[in-house]
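Here, each number is a calculation from the coordinates, and none is a lab measurement. Keep in mind the model is a prediction, meaning the values are calculated, not measured. No Cβ is skipped: glycine too gets one built from the backbone with ideal geometry, and neighbour counts run over all protein chains shown.
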Amino acid sequence: MKEFEKKDFAAALRAAFEVENKPLPSQDALRLWWTLLSPFSLEQVRIALSQHLAESRYAPTPSDVISRLPKQSDGYPGANEAWAIALRGADERVSCVTLPEIIEALSIARPVLDGGDEIGARMAFREAYARLIQIARAEHRPAKWFPSSGSDVGMREAAVMEGIRAGRLRIAEARALVPALAAPEGDARPDVAEQGRARLRELVAALPSTSEKIARATAARTKREREATVAAKARAQRLTDEHMAASASVR
């Protein structure tokens, strides 16, 4: 959020506390709220507040809101996915797209894996990977994916496709794993060059366009916002009805 949005943020928070019939936090508490939530957009915070009101009977806390906000991703996979990638990379025949942290964690767990204890190797890998990722994040280093080429040439194209689809490998990097996708440097034969270009066109055509990705994300966000708004309105109406019924019974 921007500095000029502080009043709108305070108004959104005030409305949320009014729905729960609770007083707005003190100025010191509001400053802490702002510090914790300012990395997110005002619209994201509003949606998270609405979702909380729809799901909880209590006034929100910063952690309630943060738990409903989108997570900032630095590209590192979870430990289970990293272990699956490590296992593929452990097979010298298989090509994959991996991380230096996965390679290093696997090197630590490899003696246990080679000894036949896959469960113990997995535990050692997870512990090492978690430590390495913690260091990388403390140093603000995003994930740096790279292709690892196995001996089975037939598997390389599938690894390239997987890496490109996941957004971990650029088309320009495909040549490092599957040189046949482009003509070898210095090879001017038209048929070789065209075959390489044709394969790259197929790879690109299989990927969703940027506009398609934006359209999908926008549609999903609009649906979430609509559902959160409807739920918040329904809850507010229910609380109003309950209050009116209680007032009527007192009379």
So, with points 7 Å from each Cα along the Cβ direction, the residue 93-residue 227 label distance in nm works out to 4.3
Arranged by the count of other C-beta atoms within 10 angstrom, fewest first, what order do 168, 57, 156, 224 take? 57, 224, 168, 156
Quickly work out the residue 237-to-residue 27 label distance, labels modelled 7 Å from Cα along the C-beta direction, and quote it in nm with one decimal. 3.9
Determine, from the Cβ-Cβ distance of residue 80 and residue 170 and an R0 of 25 Å, the FRET efficiency 1/(1 + (r/R0)^6), rounded to the nearest 0.05. 0.45
Would you list 133, 108 from fewest to most Cβ contacts within 10 Å? 108, 133
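FRET efficiency for residue 38 and residue 107, Cβ-Cβ distance as r, R0 = 51 Å, nearest 0.05?
0.80
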Ordered by fewest other Cβ atoms within 10 Å, a rough proxy for footprinting exposure, 141, 122, 170 read 170, 141, 122
In square nanometres, what is one fourth of the surface area of the convex hull spanned by the alpha carbons of segment 18-110? 9.1
Report the net charge of residues surrounding residue 48, where surrounding means a beta-carbon distance below 9 angstrom and charges are Lys +1, Arg +1, Asp -1, Glu -1. +1
Pairs to check: 6/144; 2/223; 6/233; 144/223. Give those whose C-alpha atoms are more than 27 Å from each other in this structure. 6/144; 144/223
With no solvent and one equal point scatterer per Cα, compute the Debye intensity ratio I(q)/I(0) for segment 1-72 at 0.11, 0.14, 0.28 Å⁻¹ and report its log10, rounded to two decimals. -0.22, -0.36, -1.59
What distance in nm separates the two pseudo spin-label positions at residue 4 and residue 69, each 7 Å out from Cα along the beta-carbon direction? 2.1
log10 I(q)/I(0), Debye, Cα-only segment 79-172, no solvent, q = 0.18, 0.21, 0.22 Å⁻¹? -0.83, -1.05, -1.11
Furthest towards positive pole of dipole, 145, 120, 135, structure part segment 83-163, Cβ charges: 135
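How large is the dipole of segment 79-172 about the Cα centre if only Lys and Arg carry +1 and Asp and Glu carry -1, each at its Cβ, rounded to the nearest 20 debye?
Rounded to the nearest 20 debye, it is 420 debye.
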